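We did not get these values from a lab; they are worked out from the coordinates using the rules stated. Since the structure is predicted, the reported quantities are computational estimates derived from the model, not experimental observations. Cβ atoms come from the backbone with ideal geometry, glycine included; neighbour counts cover every protein chain shown.
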Amino acid sequence: MISYAVEQVSTYAKDIDFLILLICGLVGFWFFVAEGVLFFLIFKYRAKEGGKAAYMDGTDPKHTRFISWPHRFILICDVVIVVFAVKVWMGVKQTMPAPDQTVRVVAQQWSWSFQHPGPDNKLDTADDIKTLDELHVVVGQTVQFELVSPDVIHSFSVPVFRLKQDVIPGRAIKGWFKTTQTGSYDIQCAEICGIGHGAMVARIVIEQPERYAEWVAANVATATVPPAPAAPAPAPAAPAPK
Ligand SMILES: [Cu+2]
């Protein structure tokens, strides 16, 4: 149902949507039951000619069962939610599948920059490709990301993946996703991080392997490679002694 509004583009998006719907369904059911009983009782015991108010201290078992039985049912619902939530949490946050590709995501006031591994598929080598506001990945591959921030707390949010992870200065936070279809989708910052927070947007481009290889080939030449140090100039000849 949620996927009508926001596509599901990661392998775990459907699990998270299921959890949201489960919580909405159970909470919504009890909300309507509680409101229905409330309005029914308001109507049934409305002011009437000759009616008298009665004092009840709430200790009679005939009265307390109206609290204790719903309480038990709701506790069962809570246990159901916790069981499913832990299952999804373990699958998304407590497992780290072997990655096909590792990227570094730098969140900074107020932009996203990305470091791709380049043709050797290793980060922090001379062929890395650095981009601003655009992350490229291959469809169907497991991508491990490393989130870093040089300034304040940000949050790496990709709605189509149902992924949101805080980026904390001083830490390199790892996570993963596995894409299910090609396309170009929003990345946003989901943590108020200063005056330019609203402008902190980027795109993730999910491509077929051939297109990704073309992009790597086209960009590796312009990758930010530190220039080789210039050869030292020859020292001027010492003046001949007079
Ligand atoms: Cu931010």
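With viscosity set to 0.692 mPa s at 37 °C, what whole-number translational diffusion coefficient in µm²/s follows for the chain from Stokes-Einstein and a Kirkwood radius over Cα pairs?
D = 145 µm²/s.
Under 5 Å between amide hydrogens, which residues at least 5 positions from Thr11 or on another chain qualify, with H placed 1.01 Å from N in the peptide plane?
HN-HN under 5 Å from Thr11: Lys178.
Do the sum for the chain: with -39,500 (n - 2.57) for every DSSP H run of n ≥ 4, divided by all residues, what is the mean residue ellipticity at 222 nm, to the nearest 500 deg cm²/dmol?
Rounded to the nearest 500, the figure is -11000 deg cm²/dmol.
So what are the ³J(HN,Hα) numbers for segment 132-138, from phi and the Karplus equation (6.51, -1.76, 1.60; θ = phi - 60°), rounded to whole Hz, Gly and Pro as x?
10, 6, 8, 10, 10, 9, 9
Count of lysine pairs in the chain with Cα atoms under 17 Å apart, counting only pairs 8 or more residues apart in sequence or on different chains?
12
Stokes-Einstein at 20 °C, 1.002 mPa s, Kirkwood radius from Cα pairs: D for segment 86-142 in µm² s⁻¹?
Rounded to a whole number, D works out at 165 µm²/s.
Considering only DSSP beta bridges where both residues belong to segment 101-220, give the percentage that are antiparallel (nearest 5).
Looking only at bridges with both residues in segment 101-220, the antiparallel portion is about 70 percent.
Say we join alpha carbon atoms closer than 10 Å with springs in a Gaussian network model of the chain; which of Val143, Val27, Val88 then has the biggest fluctuation?
Val27
Using the Kirkwood radius over C-alpha pairs as Rh, can you work out the diffusion coefficient of segment 101-220 via Stokes-Einstein at 37 °C, viscosity 0.692 mPa s, in µm² per second?
229 µm²/s
Helix check for the chain. Which DSSP H runs span at least 18 Å along their own axis by Cα, with a mean Kyte-Doolittle hydropathy no less than -1.0?
The qualifying helices are 13-44, 61-92.
Return the loop-located trypsin sites (Lys or Arg not before Pro) in segment 18-117 (DSSP other than H, G, I, E, B) with at most 11 other Cβ atoms within 10 Å of their own Cβ; answer none if there are none.
Passing both the DSSP loop test and the Cβ count: Arg46, Lys48, Lys52.
Give the relative contact order (percent, whole number) for the chain; include only Cα pairs under 8 Å separated by 6+ residues.
It comes to 20 percent, rounded to a whole number.
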